[in-house]
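The values are calculated or read from the model by the stated rules, or taken from the named source; none is laboratory data. Every value quoted in this text rests on a predicted model; they were computed, and no experiment measured them. Cβ: placed from backbone, ideal geometry, glycine included. Neighbour counts: every protein chain shown.
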Amino acid sequence: MNVAKRKISSFLKAYGPSSLKKILWDKEFASTKWDFIDHTEGDCVYENLEKYARNGSVLDLGCGPGNTANEMANTTYQKYVGVDISEEALAKGRKRTVETGRVGKNFFVQGDFVNYTPAERFDVILFRESMYHVPMARIKETLDRLSSFVKDGGVFIVRMYTADNDSGGKDKPRPLAMIHILETEFEVIEKRVYDGERHPHVLVLRPSRRG
């Protein structure tokens, strides 16, 4: 895929209607494009996630093929709900959940996570790379809406890269702008930047409370 087509696809996957986004993501997860993310054991997100899960519940928005559900330590959470627009991705997560013996605690929901309304409150609401697909103008609105679904003492965790192979290891303006919004609009409990060519960042944020 050339650069122009890749940019159009990325735009539609973030800003397009949910029905179109589902078609695009299902097509990609049905292919081998995202196979390289099927196993991410040892990722820097886990030490942060396990610290704040408090042996409680985790909502993973944009969960993809269920890595988080099956790779975080089994003893550090009681319930996991993963939401993704791609049924193809969720099928991978469900299959792996059977293999890891976590059927009783891992649950998956098909839907557009930007508009998803949880049915309960969670100790952690996780955006693992998925923040890239939230329109910039909707970042604060999205987290404000979800704040009421975070338990008292709970947090948002955002894990994202600020560089990639195309940028030659240099930070890209858009993810930096997203991080600036998060740091400006929410209380940052922890922020860590890990070693790596893609500059992985993890932010732990205190949700806003209304009323």
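Scanning the stretch 84-115 for residues that are outside any helix (DSSP H, G or I) and surrounded by 21 or more Cβ atoms within 10 Å (Cβ to Cβ), we see that the one that is nearest to the chain's Cα centre (by Cα) is ASP84. Picking from residues in the stretch 1-58 that are polar (S, T, N, Q) and in contact with a helix residue (DSSP H, G or I) (Cβ under 8 Å, 6 or more places away or on another chain), the one that is modelled with the lowest pLDDT is SER9.
Has the stretch 47-56 got any residue that is of a type in the set (A, V, I, L, M, F, W, C) and surrounded by 22 or more Cβ atoms within 10 Å (Cβ to Cβ)? Scanning the stretch 47-56 turns up at least one residue that is of a type in the set (A, V, I, L, M, F, W, C) and surrounded by 22 or more Cβ atoms within 10 Å (Cβ to Cβ).
Entry remark, the stretch 130-182: residues being hydroxyl-bearing (Ser, Thr, Tyr), closer than 13 Å to LEU203 by Cα and either exposed (fewer than 15 other Cβ atoms within 10 Å of the Cβ) or more than 13 Å from the chain's Cα centre (by Cα) (or both) number 1 in total.
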